[in-house]
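**Q** I have a structure here, written as structure tokens, and I will follow up with some questions on it.
Coordinate-derived values only; no laboratory data. Predicted model only: the values in this text are computed from it and were never measured. Virtual Cβ from ideal backbone geometry, glycine too; neighbours counted across all protein chains shown.
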Amino acid sequence: MKRRLVLKQMTAASVLALSGWMPLAYSAQDTIKVGILHSLSGTMAISETSLKDVALMTIDEINASGGVNGKMLEAVVVDPASDWPMFAERARHLLAQEKVAVVFGCWTSVSRKSVLPVFKELNGLLFYPVQYEGEELERNVFYTGAAPNQQAIPAVEYLLSEDGGAAKRFVLLGTDYVYPRTTNKILRAFLNSKGIPDTDIDEVYTPFGHSDYQTIVANIKRFSAGGRTAVVSTINGDSNVPFYKELGNAGLSATDVPVVAFSVGEEELRGVDAKPLVGHLAAWNYFQSIKNPVNAAFIEKWKAYAKAKNLPNAATVVTNDPMEATYVGMHMWKQAVEQAKTTDVDKVIEAMGGQTFAAPDGFTIQMDATNHHLHKPVYIGEIQADGQFNVVWKTDGPVRAQPWSPYIAGNESKQGL
Amino acid sequence: MPTSAHSPLFLLYVPFRAFIFALVVMWMTPGAAQAAPAEPLDPAIIARLADSRTEAKLAAIAALGQSANPLASQTLEALLAGVLNVVAPDTVLIDTGAGRGLNVASHTEQIMPPEAQPIMVNNRLRRAIQSALAGSRLFSESVATRLAAARGLQNSTDLEHLPLLEKALKNEAQADVRRALEVAEANLALQSPDADVRRDAAVRLGQTRSAAFRSTLVRIAEPRPDGTYAETDESVRAAAASAVRMIENHQQIVALTGHLYFGLSLGSVLLLAALGLAITFGLMGVINMAHGELLMIGAYTTWLTQTLFRQWFPEWMNWYVVAALPAAFLITACVGMVLERTVIRWLYGRPLETLLATWGISLILMQTVRTLFGAQNVEVSNPVWMSGGFTVLGGLVLTYNRLIIIVFSLFVVALVWVLLNRTRLGLFIRAITQNRRMADCVGVPTGRVDMLAFGLGSGIAGLAGVALSQLGNVGPDLGRAYIVDSFMVVVLGGVGQLAGTVIAAFGLGTINKFIEPYSGAVLAKIMILVLIVLVVQRRPQGLFAPRGRSVE
């Protein structure tokens, strides 16, 4: 029966797609394999797809300039499909079967936590490019995103300042998982230390994928009647759209109640009509709108790459903080490999400490000698009508990361590895 | 060209959020004619405006706010709208569109040079501008502008505003603007040295029943931590206390009405998401896991329609949603019918295989969309008539998009009801639902009716997709967020019952919204699931099951 045949083929194709079993590896002599572990399907694809593309672009760039130690880099792309156990499975595949020298990957903290045991067991090397809650320091991981003191704390300090609106009351609003919970725990302790009592802090959580913010916005409105209020949002990725839409329609503007978000960047705003959001804030270590020659070249390269590879919506591609962190991380890894003259994980880890790189964020930034985190500048940007950010505040220079926040009890003793 | 603060051209620059408001203003403004002739601005002020420091800009804004020159308020409005450009420290231009700018130093129009940079404002500057503009806005020709300015001053504690308010009250004829001004005046009168004035002000603030004044009044009525009172006069304290009680009672009513409205709104979203499924799953018995993806296709059709309109009919942009409705219905109905003919038809009566096959289809559809349009969400903007909201009961904001969606969901229910109960196709569908073989025997073309019914269910899902695109994200994963909720509603309502679906959707929405304020959104969701488990255990057939022996 012909129809049965079609059905069978369709099933086979979907099973293949499902297993995420489509590595782009071709066998070639004398290359260094680089694993890319980002979700290309499922809920996290919205954020992670562009990280895969920027990693491939960086590999092309490094190869075009002669590769690493005379060898070309070869990307091995796998799709863990936004499924946390699958992340561990794919990581094992990359390290054990593909024998990759290094892996660039993960976005959510839970995916990172699920691959950690694999990297420790097989002594792999992971570059993690996203801002996170801290409270972790692994020998096998380099964190190129921000720790809480490089994003959350400066942002709240800004809200407390005269320019930021001198907020007296805070709504800590987040999606219910480890990153918002831990960040809010740190922020609550920080706010208490600044003399804001618990009665003036309202902590609210929503489930993943929450899309009905009516009650929450009505509550924010009521809460803000009691004094100058600011909202600190750790809402995950795309739940932000319904939240901001509700906020705009309910008539709460940025001059009444400013919202500072830690997970909203240029990429997320591509899917939003940004006009009602003008004046709301985001805190990152990089914005596309930062003006310097390195960043201009980076944006130019990315746009050209998107066009050449015919990525979806290539005309409107943007750069964002985790993309920059991926780019910087890969270049630093290249430098470390060249310094160590080998891709051996232990030697590369040793060579990583103290590496410097002229990053698109406007500074020559440095990998800390001991704590596996980058020293990063902090920027606070206001959302503009075109979905870009206008920087309203920045640190004087790069800030050293504190993965173990001093605002969580018991962290004093945990500092180094 | 005569430029005045109220020329319609200028009003195009009012920020988007105030767009409707701007339309009203444009309609009400005669057009030209301005009393005082505009003069060039003081160069010292211009230099401060062009300065990069916030403090310098604040000084310039304060100076401009005090000036009676109409060009000063025009400059402030332009600064607020982000169309004030700096070319050199002594040259500041208001962008008037078409590559031209109005030089505020010489009050002449000139060509906008390419090096012009818009002056950036932050929230602190925005607040300062709004406060500085309050003066000129209070005497605007437009009622809406005056009302907004008066409302904006209601929380002001700046005594400098008092003479301004008194002057405005003297000139004001409109009743609602007068009321708003009186409230603003009462708030300032709380600082009066005269106890009678203060008592009277407290009473008046209580009568507004607005939560905005509660904290001020509480500070008057209640003792400070050290036991002393900020307010020395006991009668004022008593008046404030009774005002607080009045506000609190009223706010409780507002909150309850709010829960009810939010619940109806959530219910309407659930209803829209579930209605298509009520036909394909409820009436036809197909466990359609790809239902969510049909919603998603409807939402993507909205986005495509918006893109088309932007390209070809920008003047009709406001009505693209209306055009998207038939388009989404047709496209999803076609997708549904193709699915039915190619896959589902062969699996009738085998629920497990149907479930797996449709789940596979849902993955294929999602990945197809991802390949075609990218993994990122796409931008669907609300048309002007669906943005914003209006306030009822002095505290509850009803947003237009949700209000329209409640009405739309009822419209779709009515449409489905008419189709099922008043048309020949509906008769056939019901006949097949009750007894497929008997219907076949009496000559109902079951195959064709199955296809059409599935197409109808899918088309309804497409309509829902259009509505959902106005509330949240449009991305390949859109369907995932709604599939569980849709099945929940249909199963709870009772398979095969349209009325059951409607009642279950509104019931779940309302219960959820009444629980949420007390337990938080996470726990509310869990409690709803537990509730459904309990109900379905007691009544496996759902709340409203079809009666009779016809059901297999």
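**Q** Could you check the simple spin-label distance between B:ARG151 and B:TRP312, using points 7 Å along Cα→Cβ, in nm with one decimal?
**A** Placing both labels 7 Å beyond Cα along the Cβ direction yields 3.9 nm.
**Q** With each pseudo-label sitting 7 Å past Cα toward Cβ, what's the A:THR364-A:THR395 distance in nm, one decimal?
**A** Modelled inter-label distance: 1.9 nm.
**Q** Angle check, please: helix B:351-373 long axis (alpha carbons) against the longest principal axis of chain B (alpha carbons), in degrees 0 to 90, nearest 10.
**A** Relative to chain B, helix B:351-373 is tipped by roughly 40 degrees.
**Q** Under 26 Å Cα-Cα from B:LYS170, which lysines qualify once same-chain neighbours fewer than 8 residues away are excluded?
**A** Hits, sequence-local ones excluded: zero.
**Q** Now for a separate question. Starting from the Cα of A:ALA409, move 7 Å in the Cα-to-Cβ direction to define the label point; list residues of segment A:170-189 whose amide nitrogen is under 15 Å from there.
**A** From segment A:170-189, the list is A:185-186, A:188-189.
**Q** What do you get for the angle between helix A:178-193 and the principal long axis of chain A? Use alpha-carbon atoms, 0 to 90 degrees, nearest ten.
**A** Taking Cα atoms only, the helix is inclined about 40 degrees.
**Q** Another one. Considering only C-alpha atoms, what is the centroid distance from segment B:399-475 to segment A:183-221, in Å?
**A** 42 Å
**Q** Give me the one-decimal nm value for the distance between modelled label points at A:GLU350 and A:ASN310, 7 Å along each residue's Cα-to-Cβ direction.
**A** 4.8 nm
**Q** Can I ask one more? Which of A:LYS275/A:LYS303; A:LYS120/A:LYS309; A:LYS168/B:LYS57; A:LYS245/A:LYS307; A:LYS52/A:LYS301 have a Cα-Cα distance over 27 Å? Can you show the working numbers first?
**A** On the way: A:LYS275/A:LYS303 24 Å; A:LYS120/A:LYS309 35 Å; A:LYS168/B:LYS57 24 Å; A:LYS245/A:LYS307 31 Å; A:LYS52/A:LYS301 15 Å.
In this structure, A:LYS120/A:LYS309; A:LYS245/A:LYS307 exceed 27 Å between Cα atoms.
**Q** What do you get for the angle between helix A:2-18 and the principal long axis of chain A? Use alpha-carbon atoms, 0 to 90 degrees, nearest ten.
**A** 70 degrees
**Q** So between B:LEU415 and B:ALA56, what do we pick up on full extension, going 0.36 nm a residue minus the alpha carbon distance?
**A** Here the segment from B:LEU415 to B:ALA56 would lengthen by 123.1 nm.
**Q** Post the alpha-carbon centroid distance, segment B:222-262 to segment A:99-137, in whole angstrom.
**A** 53 Å
**Q** By the scheme Lys and Arg +1, Asp and Glu -1, what is the net charge of all other residues having a beta-carbon under 14 Å from that of A:GLY227?
**A** Details: positive: A:LYS168, A:ARG169, A:LYS221, A:ARG222, A:ARG228, B:ARG214, B:ARG219; negative: A:ASP200, A:ASP202, A:ASP256.
Charge balance near A:GLY227 sits at +4.
**Q** Now for a separate question. Would segment B:46-133 count as rounded, prolate or oblate if I go by the C-alpha gyration tensor, calling it rounded below 1.5 in a/c and otherwise prolate when a/b exceeds b/c, oblate otherwise? Don't skip to the answer; put the middle values down first.
**A** Values: a/c = 1.71, a/b = 1.44, b/c = 1.19.
Prolate.
**Q** Next question. For a quick protection proxy, order the peptides B:501-509, A:216-224, B:466-474, B:527-535 by their average other-Cβ count within 10 Å, most packed first. The partial results should precede the final answer.
**A** Values: B:501-509: 24.4, A:216-224: 21.3, B:466-474: 26.0, B:527-535: 13.8.
Taking the mean over residues of other Cβ atoms within 10 Å, the ranking is B:466-474, B:501-509, A:216-224, B:527-535.
**Q** Assuming R0 = 56 Å, what is the FRET efficiency of A:ALA297 and B:ARG437, from their Cβ-Cβ distance, to the nearest 0.05? Let's see the in-between values first.
**A** Values: r = 72 Å, r/R0 = 1.29.
That pair, A:ALA297 with B:ARG437, gives E of 0.20.
**Q** What shape does segment B:254-538 have by the C-alpha gyration tensor, where a ≥ b ≥ c are the square roots of the eigenvalues, rounded means a/c under 1.5, and otherwise prolate means a/b greater than b/c and oblate the rest?
**A** Details: a/c = 1.65, a/b = 1.23, b/c = 1.34.
Since a/c reaches 1.5 but b/c is at least a/b, the shape of segment B:254-538 is classed as oblate.
**Q** Counting other C-beta atoms within 10 Å, which of A:ILE383, A:ILE59 has the fewest, and how do the rest follow?
**A** Details: A:ILE383 26, A:ILE59 22.
Ordered by Cβ neighbours within 10 Å, fewest first: A:ILE59, A:ILE383.
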